[in-house]
Amino acid sequence: MYKQVSKLIVYRDLGEDSILKRLAGIFEDFDWYKENVLGDSSAFSASKLEEMKDKKHISKESLITRIYGEIKRILDLATDYGFNDNLWHNYLTFIMMTNENSFTLTSEKIGANDGSVNHFAINDFNIFKELFDYNFYEIERELGIDCFSTISNYVAIVKKERMYNYNVSAKVQELSKRLEKCDDGEGFFKEVTRFYADYGVGMFGLNKAFRIRNQADQVDIYPINNTENVLLDDLVGYEIQKQKLIDNTEAFVEGRPANNCLLFGDSGTGKSTCIKAIINEYYGQGLRMIEIYKHQFKDLSTVISMIKNRNYRFIIYMDDLSFEEFEIEYKFLKAVIEGGVETKPDNVLIYATSNRRHLIKETWNDRNDMEHGGGGELHRSDTMQEKLSLVNRFGVTINFSRPNQKEYFHIVTELAKRNPSITLSEEELCAEANKWELSHGGISGRTAQQFINYLAGKA
């Protein structure tokens, strides 16, 4: 195994702490152990005996311990991503799907291009083919272990999809099965580059949504493993609003001009649900979402610089966006959306939801043009214009208002039809829904969903 891994070129940067690199080192030590410890040491030269002193730490017990350590890491990876059947194949497939290098990055969402790099890529895929077919029999026999045989025919404990990254799991296992049918590196090349063309590479290829975090003064983008699997059809009503959002998003993913989008209105009307549904609907067309919070707006420019050259379309999502009088984070947002020296890249849009039409809290004093005395600002109307200029940077604004009672009952009955455990008549359903909303926050789509959840739970 060490010889194969050492010959990788394009996929060489696996990280010294990677499972594959560490296993390769263990297998190299096993080859030495087999030749020098299990072999006839009586004919060894002085230099060979000196070498054996330097490698005295290599023993059967130490090799087994190190192998079990890497097997544990494979099992942990399998738990995180719900791998099953042949974990060794799943792991190698995962490497090819997530390794970001010059070849994979130029292939994402496009596929393989003609070029000399393909020669080196096929070399690596031939090596991965050898690793796929690697025979662990000898090392298991000599060390008296069976862990590689076990993970090659693994039966995982059935888990709920929310307990692992189902989106990644399904893609890894599907590609792994296709690679098992390939005869050589050329077959691997075709299958893997087809995957790159369809989904991409690395975390952006495998995941739909992301968050950012600061670690040691570095901005890091990391995936949200389990996004809510909601679709636009799941949201009852609001057809005009949904269509406006669809039209803008489709223009964006197709490379046509599109606008930043603000969804505003009453709470519980489905604004955030629409954004989540949009990501699920257009993920296959290269749409990704990065959720960012108000205190992170200072990092917006850094985040955009990290994604502007990738072959995806990114929505930077800001949920429940609003600002108090004393908060100045909106100035970072204004500069990024429009007005900064650097042009916002074509593959980035900002989608925000808010309960406030103008995002920033206004007071009556903002509308008084003059203030006398007290050291205040002379022209307060200028302050109001500065605040209103933020919302004007969203080219599409969509109002989600609270439903009336008739619309509320329609939402309730439609949701009930989707749940066969609810057997109330329409009249009974509306009567109970009316009682529910009176004591649970008033009429809204969220209240309707909570009422249906309550009925389903009782059933």
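The values are calculated or read from the model by the stated rules, or taken from the named source; none is laboratory data. Source: prediction; values computed, not measured. Methodologically, a virtual Cβ is constructed for each residue, glycine included, from the backbone with ideal geometry; neighbour enumeration extends over all protein chains shown. Note: accessible area is taken over every heavy atom of the protein model, side chains too, but ligands, DNA and RNA are not part of it. Shrake-Rupley method; radii C 1.70, N 1.55, O 1.52, S 1.80 Å.
Tabulated data
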| read-out | value |
| --- | --- |
| Computed accessible area, D233, all protein chains, 1.4 angstrom probe, square angstrom | 120 Å² |
| Net charge over other residues, Cβ less than 14 angstrom from the Cβ of K244 (K, R count +1; D, E count -1) | -1 |
| Radius 13 Å from Cβ of I290, net charge of other residues (Lys, Arg +1; Asp, Glu -1) | +3 |
| Förster-model FRET efficiency, 22 Å R0, S267 and K435, C-beta, rounded to 0.05 | 0.60 |
| Extension reserve of the E180-N309 stretch, reckoned as 0.36 nm per residue once the Cα distance is removed | 43.1 nm |
| Nearest-10 value in Å² for the accessible area of Y91, using the 1.4 Å probe | 10 Å² |
| Amide proton proximity set for Y154, modelled H, under 5 Å, gap of 5+ | D85, N86, L87 |
| Pairs of lysine residues in region 199-310 - Cα separation under 25 Å, sequence separation of 8 or more or cross-chain | 18 |
| Accessible carbon and sulfur surface of region 226-309 relative to its total accessible area, %, 1.4 Å | 45 percent |
| Residues whose placed amide H lies under 5 Å from that of I290, excluding near-sequence neighbours | F210, I315, I316, Y317 |
| Whether region 69-226 is rounded, prolate or oblate, judged on the alpha carbon gyration tensor where a/c under 1.5 counts as rounded | oblate |
| R213, R141, ranked by accessible area, largest first (probe 1.4 Å) | R141, R213 |
| Computed accessible area, Y293, all protein chains, 1.4 angstrom probe, square angstrom | 90 Å² |
| Residues of region 163-312: accessible area per residue with a 1.4 Å probe, Å² | 44 Å² |
| Charge tally in the Cβ shell below 13 Å around E191, where Lys, Arg are +1 and Asp, Glu are -1, E191 excluded | +1 |
| Prolate/oblate/rounded call for region 201-328, Cα gyration tensor, a/c under 1.5 rounded | oblate |
| Whether region 133-238 is rounded, prolate or oblate, judged on the alpha carbon gyration tensor where a/c under 1.5 counts as rounded | prolate |
| Additional length obtainable on full extension of the chain from S6 to I64, 0.36 nm per residue less Cα span | 18.6 nm |
| Extension gain (nm, one decimal) between Q218 and A170, 0.36 nm per residue minus Cα-Cα | 14.1 nm |
| Sites D299 and E228, calculated FRET efficiency, Cβ-Cβ separation with R0 25 Å, nearest 0.05 | 0.50 |
